[in-house]
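What follows is a set of notes on a single structure, which appears directly below.
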Amino acid sequence: MKKMMKRFLFSITAAAAALCLAIPAFAATATSTLTVSMSLGVPATATVSVAPMAFPTSGSYVNATQSTAITVNASNGLPYTISLNKGLSGTSANRYLKKASGVASNFPYYLYKDAARTIQWGDSDLAATFTSGSSVAGTGTGANQTLTVYGSHYTYSMGTYTDDLTVTVNY
């Protein structure tokens, strides 16, 4: 048993000596910092701006048309929709221009997606305040994109009429 123990101790001593010879001795050390980072992506954004729409001055019962621009800037590749609510028309199913002063006279007007003025622009697929039309879909490019809103109305009497709508970009 003593012989086995001597062999074992000799083996361990030899292994330790071999290990010491295999590890080089260093005179000095130098360190540096490794910075590891990860970008999970910049949050998607979108902005919108709208130019006012001013119908031309016209007499009674004259069909008037006009257009204006909606400018959207959405992150590249970001899908979005643009909707127009029904404005200050209350519970009515139509949009109405309201007389600024005097007689409480209102008359309907229409906003369209197309120059032929056949497809109304609204929000029936989203907030559903104006169900006669739906939103317009697009995909961001990272640059300004301009969409045209086409309007029409019949003037009932002379005066100044207004309405305020909310333009919403959902993304």
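Every residue, every condition in (1) of a type outside the set (F, W, Y); (2) modelled with pLDDT of 70 or more; (3) in a loop (DSSP other than H, G, I, E, B), yes or no:
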{"position": "K3", "(1), (2), (3)": "yes, no, no"}
{"position": "A16", "(1), (2), (3)": "yes, no, no"}
{"position": "A28", "(1), (2), (3)": "yes, yes, yes"}
{"position": "A64", "(1), (2), (3)": "yes, yes, no"}
{"position": "T71", "(1), (2), (3)": "yes, yes, no"}
{"position": "N76", "(1), (2), (3)": "yes, yes, yes"}
{"position": "A93", "(1), (2), (3)": "yes, yes, yes"}
Margin query: Go through (1) within 20 Å of V50 (Cα to Cα); (2) of a type in the set (F, W, Y); (3) touching a residue at least 60 places away in the same chain (Cβ under 8 Å) for F130 and report which single condition fails.
Written below: (3)
Checklist line | One residue from R95, R117 being on the phi > 0 side of the Ramachandran plot and either exposed (fewer than 14 other Cβ atoms within 10 Å of the Cβ) or in contact with a strand residue (DSSP E or B) (Cβ under 6 Å, 6 or more places away or on another chain) (or both) | finding: R117
Margin query: Looking only at the range 135-161, how many residues end up being among the hydroxyl-bearing types (S, T, Y), at pLDDT 90 or above and either over 20 Å from A51 (Cβ atoms) or within 19 Å of the chain's Cα centre (by Cα) (or both)?
Written below: 5
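The values are calculated or read from the model by the stated rules, or taken from the named source; none is laboratory data. Predicted, not measured: the structure shown is a model, and the values here were computed from it. Here the Cβ is made from the backbone with ideal geometry for all residues, glycine too, and neighbour counts use every protein chain on show.
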